[in-house]
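The values are calculated or read from the model by the stated rules, or taken from the named source; none is laboratory data. All figures in this text were calculated on a predicted structure; none of them were measured in a lab. Cβ placement follows ideal geometry from the backbone for every residue including glycine, while neighbour counts extend to all protein chains displayed. In case anyone asks, the SASA skips ligands and DNA or RNA and just uses the protein heavy atoms, side chains included. Shrake-Rupley method; radii C 1.70, N 1.55, O 1.52, S 1.80 Å.
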Amino acid sequence: MVLCQGGEGDAAPAAGGQEPEVPPGREDGPGSVQPRLCPAPGVEAAGAEERRACGCCSGMSWPFCCEAPGTKKKAACPGLGLFYTILSAFLFSVASLFLKKIEDVHSVEVSAFRCVFQMAFVLPGLIYYKTGFLGPKGKRIFLFFRGFLGSTAMVLLYYAYQVMPLADATVITFTSPVFTSLLAWIFLKEKYSLWDLLFTLFAVTGVILIARPPFLFGSRVTGIEGSYSDHLKGTIAAIASTLSAASTIVILRKVGKSVHYFLSIWYYAVIGLIGCVIALFVLNEWRLPHCGRDRVFLILIGLLGLGGQIFLTKALQIEKAGPVSIMRTMDVVFAFILQVLFLNHLPTWWTVGGALCVVASSSGTAIRKWRHSVKKAKQREI
C-alpha cells in the first residue's frame, strides 16, 4: 500500500446519481484534498471487486468500509419512505388542527414554544457531532438569513392558520416548490423552462381562487371563515410564508453540504426564539394560556411538529425527492378531512378548485425535477 492524493476522478457518484453522504461533523471544504491508501498495482484488480460490492461508505474498499465483502445487507422495506412521508403529513396536519383549537394565544407565542422544543432536541446533536454553535465563518451570514427567513415563515404560517380556514392556508403553502424554482432561477441561475412558467401560473390561479379578491369575484364573498378582512390578511401571510420558505430552500442549496444540517436547524430555532421574544414584548402579547387544555395543545404542537420533521427527514434519506414531494400533497387531503370533521367547516368549490390547481402545479414541478435528476444520473453513469 502506498500513500497517494485523491484527484477529481476518485469521487465517483453514488448509485442513483446522488452525491455520497458526508459523515456528520466531517464536512470538508470544496478545495480540500484528503490522503488515502492506494493498493499496490498487483492487488488493484482484486480490490475493485470489493469496492463494487460495497455501496454503504461512499465507495471505500474494505477494511475501511463498515461491512466486509459478502456481508448481506438488510433489504429496505418497499414504500417505507412514502409511508414516512404520509405519517409526516398527518402529524403536521394534526399540529395545525391543534393550533386552530388554541384560544387567546398569539401565533408568535406558539412559534416561540416550537423554537424551544427544537433547541432542546437539537442541542445534544450539536454536542455529539462537535459541530460548534456558530458554523464556518464564510457561511454564518447564510445561516443567519436561513434562520431569520425560516422562523419568519413559521410565524406567518401559524398566523394564517389562526385567521383563515385550515385547508386554505395549507393549500397556499404548497405553492412553495413553484416559487423555489423561480427564486433558484433568479439567484442561482438554475434552468427555468416554459413548463416551470406554466406551473407558476397554475399556482397563482389556485391562490386567486382561494383568496377570491372582490375586484374579480364581486363584493359578496361567501364560504369564508370569519370576516373577509381576516381571510385576506391570512392569505397575504400564507403567501409571504411560502416566499420565505422558498428563500430558505434557495439558501440551503447555496450552502450545500459544507454545513451540518443540525447547525442549520439550530440557527432556525435560536434566531426564531429571539425574534419571537422581541415581537411579543413589542406587541405586548406574552401570556401563559389560562386553560390547561391550551397548554397541552402547545406541548403537542411542539412534539408533533418535531415528529413530522423527523419522519420527513427519514423519508428523504431512503426515498427520492420526487416521490416524497408528490406524496406530501397528502397534507392537503388531511387538512380538508380534519377541517370537516373537527372544525365543522365545509370547503367551497372555489377552495377545491384552487387546491387542484396548486396540487397539480407542485406535483408537476416535483416530477420535472425528479426526471431531470434521473436523466443526469444516467449521463454520469455513461
Legend entry - Conditions (1) open to solvent by 40 Å² or more (accessible area, probe 1.4 Å); (2) touching a Leu at 6+ places or on another chain (Cβ under 8 Å); (3) modelled with pLDDT of 80 or more; number of the one not met by LEU303: (2)
Legend entry - Where ASP196 falls short, out of the listed (1) part of a helix (DSSP H, G or I); (2) closer than 30 Å to ASN344 by Cβ; (3) at pLDDT below 85: (2)
Legend entry - Given (1) crowded, with 19+ Cβ neighbours inside 10 Å; (2) under 19 Å from ILE102 (Cβ atoms); (3) within 20 Å of the chain's Cα centre (by Cα), index of the condition ARG146 fails: (2)
Inset, instruction - Working carefully through the options PHE113, PHE133, find the one that is aromatic (Phe, Trp, Tyr) and in a helix (DSSP H, G or I). - result: PHE113
Legend entry - Given (1) modelled with pLDDT under 85; (2) open to solvent by 20 Å² or more (accessible area, probe 1.4 Å); (3) over 20 Å from the mean Cα position of the chain (by Cα), index of the condition ILE102 fails: (2)
Inset, instruction - Considering only segment 270-295, state which residues are closer than 30 Å to GLY81 by Cα and among the β-branched types (Val, Ile, Thr). - result: VAL270
Inset, instruction - Output the qualifying pairs, or none if there are none: Cβ atoms under 6 angstrom, residues six or more apart or on different chains, first residue in segment 166-189 and touching a residue at least 40 places away in the same chain (Cβ under 8 Å) and among the β-branched types (Val, Ile, Thr), second residue part of a helix (DSSP H, G or I) and open to solvent by 40 Å² or more (accessible area, probe 1.4 Å). - result: THR180/ILE249
Inset, instruction - Sort out which residues of segment 220-245 are aliphatic (A, V, I, L, M), open to solvent by 10 Å² or more (accessible area, probe 1.4 Å) and at pLDDT 90 or above, and write them in order of number. - result: ILE236, ILE239, ALA240, LEU243
Inset, instruction - State all residues of segment 171-219 that are over 24 Å from the mean Cα position of the chain (by Cα), closer than 23 Å to ARG328 by Cβ and small (Gly, Ala, Ser); if no residue qualifies, say none. - result: ALA211
Inset, instruction - For ILE274, work out the one condition from (1) within 25 Å of LYS130 (Cβ to Cβ); (2) in contact with a helix residue (DSSP H, G or I) (Cβ under 7 Å, 6 or more places away or on another chain) it doesn't fulfil. - result: (2)
Inset, instruction - With the checklist (1) touching a residue at least 60 places away in the same chain (Cβ under 8 Å); (2) open to solvent by 30 Å² or more (accessible area, probe 1.4 Å) in hand, flag the one item ILE278 doesn't pass. - result: (1)
Inset, instruction - Keeping to segment 331-340, report how many residues are open to solvent by 30 Å² or more (accessible area, probe 1.4 Å) and over 17 Å from LEU304 (Cβ atoms). - result: 3
